[in-house]
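Okay, structure first, notes after.
The values are calculated or read from the model by the stated rules, or taken from the named source; none is laboratory data. Bear in mind that the values here come from a model prediction, so they are computed numbers and not experimental data. FYI the Cβ positions are ideal-geometry reconstructions off the backbone, even for glycines, and counts take in every protein chain you see. In case anyone asks, the SASA skips ligands and DNA or RNA and just uses the protein heavy atoms, side chains included. Shrake-Rupley method; radii C 1.70, N 1.55, O 1.52, S 1.80 Å.
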Amino acid sequence: VEGQESSQNTTLTSESRNPTVFRLAPYALSTSVLYEVRVMVLHTVSLVSTAVAVRLYVEASDIVSQISGGPTRFEKYDELIIIDASASFDRDQEGLSGLDTGLSFTWSCGQLLPSLNSSCPLSPSEDLTLASNTDVMYLTSVKEAVNTTSRVTVVVLDAVRSSTSYTDVTITSKPQSK
């Protein structure tokens, strides 16, 4: 197998012990690369040979965005709200997730209830902004956010692919202290 990536040839060999089977390990081929598979067969008695070549293009797989805790959550006013998208991953990268994948994370927030509003009553904390490239967003709420529901959305992307997830956060009041 030869692949042309940036004008460089890559030669890969089969992992199979059976000479009639060509098998590569998972993730052995890069995405967005055109490979040429060449097979040559030699009849050892007659010494007659034949060859064939097949071109193979490996398309990129999906990016999967995930927010832990699911699509709906209830948080208490004036407590730290952690929105964690670090389990997001690229199907083309084995064993990596979150920022380790090299993907970018873009966050947004808007109020859904009691009325639709593009501004968000939740504020990023710890020197973060919604524009921060982070896989975990730390938010706090103002008192006016009690009994509101806001949608926090993350878009996980690379240069050509993206995936979006959201969680709806309802802010409840703190229990009265006795």
Exercise. Would you check if Glu79 is part of a loop (DSSP other than H, G, I, E, B) and open to solvent by 90 Å² or more (accessible area, probe 1.4 Å)?
Key: no
Practice problem: Go through region 49-70 and count every residue that is open to solvent by 70 Å² or more (accessible area, probe 1.4 Å) and not in a strand (DSSP E or B). | Solution: 3
Quiz prompt | Answer from Thr31, Thr13 - the residue that is in a loop (DSSP other than H, G, I, E, B) and either in contact (Cβ under 8 Å) with a residue 40 or more places away in the chain or touching a Phe, Trp or Tyr at 6+ places or on another chain (Cβ under 7 Å) (or both) | solution = Thr31
Exercise. Go through region 89-139 residue by residue and tally those that are surrounded by fewer than 17 Cβ atoms within 10 Å (Cβ to Cβ), under 13 Å from Val156 (Cα atoms) and small (Gly, Ala, Ser).
Key: 5
Practice problem: Report those strands (runs of 3 or more DSSP E) wholly inside region 99-178 carrying at least 2 residues which are touching a Lys or Arg at 6+ places or on another chain (Cβ under 9 Å). | Solution: 104-113, 162-172
Exercise. Only one of these is open to solvent by less than 100 Å² (accessible area, probe 1.4 Å), at positive phi and either modelled with pLDDT of 90 or more or within 23 Å of the chain's Cα centre (by Cα) (or both): Ser46, Ser32, Ser16. Name it.
Key: Ser32
